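J.: Quick one: the structure is below, and I'll ask about it shortly.
The values are calculated or read from the model by the stated rules, or taken from the named source; none is laboratory data. Given the structure is predicted, the values throughout are model-derived calculations rather than measurements. Note that we place each Cβ from the backbone using ideal geometry, even for glycine, and neighbour counts take in every protein chain shown. Quick note on the areas: whole protein, heavy atoms, side chains included, nothing else; ligands and nucleic acids left out. Shrake-Rupley method; radii C 1.70, N 1.55, O 1.52, S 1.80 Å.
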Amino acid sequence: MGLTVNSLVEVTLGAGNSYGIIRWIGTLTDSGIIMAGLELEEERGVSDGTFKDKRIFTCPYKRALFAKLSSLLPDSRFQASHKREAEHSTGKLETVPPITTEQVNQILIGRMKGIQGHCNSCYMDAALFSLFSCSSVLDSMLFKSTAPRDTPIQNTLLHDIVNPLRSKGFVEGRHIMKLRQQLQKHGYSHSFTTDEKDPEEFLIVIMHHILALDPLLKLSAHGKVQDSYCYQIFPDQNHSLVLPTVQQLLEHSFHSSGLKLAEVPSCLILQMPRFGKKFKMFEKIVPSLELDVTDLLSEGPQQCVLCGHLAEEECTNCFKDPLFSQTGFKVFCKMCSSQVHSHSQRRSHQPAALDVPKGYLDHGKSHTQMTRDKLVLFAVLCIETSHYASFIKYGPNSEDWIFFDSMADRQGEREVFYIPKVQNCPEVGTYLEMSLDELANQVPRDMKGVAKRLFCDAYMYLYQSTSMCLYQ
């Protein structure tokens, strides 16, 4: 079978199959039988690497197991992916639906889960896991017609990465390297296979240059519409934000740049305000589980922030006025606008008329008849010391969060391979239920589990319109 030290194997125990890595091969008794010392993924072993009080190798307690080498088999999870690769076809494209809330614990949680890291690939691993593990909002890029020279990249993305991730919960690092080699061969970067990149660089290459996906974002500024795939948040330098929510950051950025959304995006990818990868503008950023973009649209009805009726005017000068809510553009009906700007401190303000659809003006529809346009958070990419990992909001409950690290552990010395890991992190929900004052007082190093990384190291937020997902 060619099994050696560091081979990934499975062994049949009384409670079923277990998976592990060979740490040692040799004889333990005078019988001459070749044995293997395994470090198991779960606590189903008998020691910490000792045999009859003799140290053979070292691992956590109850993770070590000694078995005949001849009784071991290669890890079938990897064998299945090899078989799938042999069955590939460039003809009919088929996909696997995203992992559902009910399937997450069964398919995704554990060591050797997610996407295996290799050679500075964490930016790509985290981005792909975030986009495709539990969401279908960008599945259209897996099926759209492509140029013949780009079809192999689409096939690799679909057959080697997305489908295995969703069906088995695991993608080998060699498949990611295959994708990187294909991208490098296209000439977009001569260091795709060796160097660390930014997630947005990879996403723009794959979405725009390779698969020619329509831009996700249409921004309106001074009557002109510009296309984009990601949006970098740049808050006003004179902001007063201390513990901002993503909603506040987006609104402040749009306000200072004079931007609006030309339409509701199916997927909104937001880059948090940073100066390089190390310097963060804010110690903590609070995730907005829903992003209300109603007031950010250049067209359509809006509600007066005071009475809730149809808004007809917007005042950019009132945006930062402490009298009003900390979120939302300041739009008013004519009566409320007149009352607000009768105050001596606001008489110099210059409200501007909103472009209100004629049907709404005719009927004067109230807030009870207006719908709000909202996007839902589904993933967050984080960076810590140049290493990317990701959080997934996979279900409706507050505790439905998982954390993925493609290089959570490493094995070997000369030939290092990484062990990816996906873990539940319900503690995130606990912190999100805190008041802003409570959250502000949390010392990052004392925060439980991996929550600190979400609040303090956020790099990119991913939102989706649930009505535009391929699978409902």
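J.: Out of all the residues in the range 100-151, which are free of Cβ contacts under 8 Å to residues at least 60 places away in the same chain and part of a helix (DSSP H, G or I)?
T.: GLN106, LEU128, PHE132, LEU142, PRO148, ARG149
J.: Any chance the range 294-306 includes a residue that's over 14 Å from ARG372 (Cβ atoms), among the aliphatic types (A, V, I, L, M) and open to solvent by 10 Å² or more (accessible area, probe 1.4 Å)?
T.: yes
J.: Given the conditions (1) open to solvent by less than 10 Å² (accessible area, probe 1.4 Å); (2) farther than 25 Å from ASP139 by Cβ; (3) in contact with a strand residue (DSSP E or B) (Cβ under 6 Å, 6 or more places away or on another chain), report the number of the one that PHE254 does not fulfil.
T.: Failing condition for PHE254: (3).
J.: Same structure again: Return the residue satisfying two criteria in turn: it lies in the range 431-453 and is within 17 Å of GLU384 (Cβ to Cβ), aliphatic (A, V, I, L, M) and open to solvent by less than 40 Å² (accessible area, probe 1.4 Å), and of such residues it is farthest from the chain's Cα centre (by Cα).
T.: Looking at the filtered set, the residue picked out is MET447.
J.: Within the range 398-430, track down each residue that is over 27 Å from LEU40 (Cα atoms), open to solvent by 30 Å² or more (accessible area, probe 1.4 Å) and part of a helix (DSSP H, G or I).
T.: THR430, the sole residue that qualifies.
J.: Can you list residue pairs whose Cβ atoms sit under 8 Å apart, with the first residue in the range 343-366 being among the basic types (Lys, Arg) and modelled with pLDDT of 85 or more and the second being assigned to a helix (DSSP H, G or I) and open to solvent by 60 Å² or more (accessible area, probe 1.4 Å)? Count only pairs 6 or more apart in sequence or on different chains.
T.: That search, which allows pairs on different chains as well, returns ARG346/ASN317.
J.: Which one is modelled with the lowest pLDDT among residues in the range 15-29 that are out of contact with any Gly (no Cβ under 6 Å at 6 or more places or on another chain) and open to solvent by 50 Å² or more (accessible area, probe 1.4 Å)? If you could, list the steps in order and put the result at the bottom.
T.: Step one: filter the range 15-29 for residues out of contact with any Gly (no Cβ under 6 Å at 6 or more places or on another chain), giving 15-22, 25-29.
Checking which are open to solvent by 50 Å² or more (accessible area, probe 1.4 Å) leaves us with 15, 17, 19, 25, 27, 29.
On the way: ALA15: 65, ASN17: 78, TYR19: 85, ILE25: 91, THR27: 89, THR29: 82.
Among those residues, the one meeting the criterion is ALA15.
J.: Among the residues of the range 60-75, how many are in a loop (DSSP other than H, G, I, E, B), closer than 21 Å to THR29 by Cβ and under 36 Å from the mean Cα position of the chain (by Cα)?
T.: Here is the first cut: in the range 60-75, the residues in a loop (DSSP other than H, G, I, E, B) are 60-63, 72, 75.
Next, from what is left, pick out any that are closer than 21 Å to THR29 by Cβ: 72.
Filter once more, keeping what is under 36 Å from the mean Cα position of the chain (by Cα): none.
Final tally of qualifying residues: 0.
J.: LEU8 passes all but one of (1) under 33 Å from the mean Cα position of the chain (by Cα); (2) under 18 Å from ASP409 (Cα atoms); (3) surrounded by fewer than 18 Cβ atoms within 10 Å (Cβ to Cβ); which number fails?
T.: That leaves (3) as the condition not met.
J.: Given the conditions (1) open to solvent by less than 10 Å² (accessible area, probe 1.4 Å); (2) under 26 Å from ASP214 (Cβ atoms); (3) at pLDDT below 95, which single one is not true for ASN155?
T.: ASN155 satisfies every listed condition except (1).
J.: While we're on this one: Across the range 1-59, what is the total count of residues that are without any contact (Cβ under 8 Å) to a residue 24 or more places away in the chain, in a strand (DSSP E or B) and of a type in the set (Asp, Glu)?
T.: Residues flagged as without any contact (Cβ under 8 Å) to a residue 24 or more places away in the chain, in a strand (DSSP E or B) and of a type in the set (Asp, Glu) within the range 1-59 amount to 0.
Here's the yes/no breakdown for (1) among the polar types (S, T, N, Q); (2) touching a residue at least 12 places away in the same chain (Cβ under 8 Å); (3) touching a helix residue (DSSP H, G or I) at 6+ places or on another chain (Cβ under 8 Å):
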position	(1), (2), (3)
GLY223	no, no, no
PRO235	no, yes, yes
HIS252	no, yes, no
LEU261	no, yes, yes
LEU270	no, yes, yes
VAL286	no, yes, yes
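J.: Can you pull out the helices (runs of 4 or more DSSP H) entirely within the range 164-263 that have at least 2 residues that are closer than 23 Å to ALA147 by Cβ?
T.: So the answer is 173-185, 199-204.
J.: I need a count of the residues in the range 30-60 that are open to solvent by less than 50 Å² (accessible area, probe 1.4 Å) and either at negative phi or out of contact with any strand residue (DSSP E or B) (no Cβ under 8 Å at 6 or more places or on another chain) (or both). Can you show your working first?
T.: To start, the set of residues in the range 30-60 that are open to solvent by less than 50 Å² (accessible area, probe 1.4 Å) comprises 32, 35-41, 45, 47-50, 56-57, 59.
Next cut, either at negative phi or out of contact with any strand residue (DSSP E or B) (no Cβ under 8 Å at 6 or more places or on another chain) (or both) only: 32, 35-41, 45, 47-48, 50, 56-57, 59.
Total meeting the criteria: 15.
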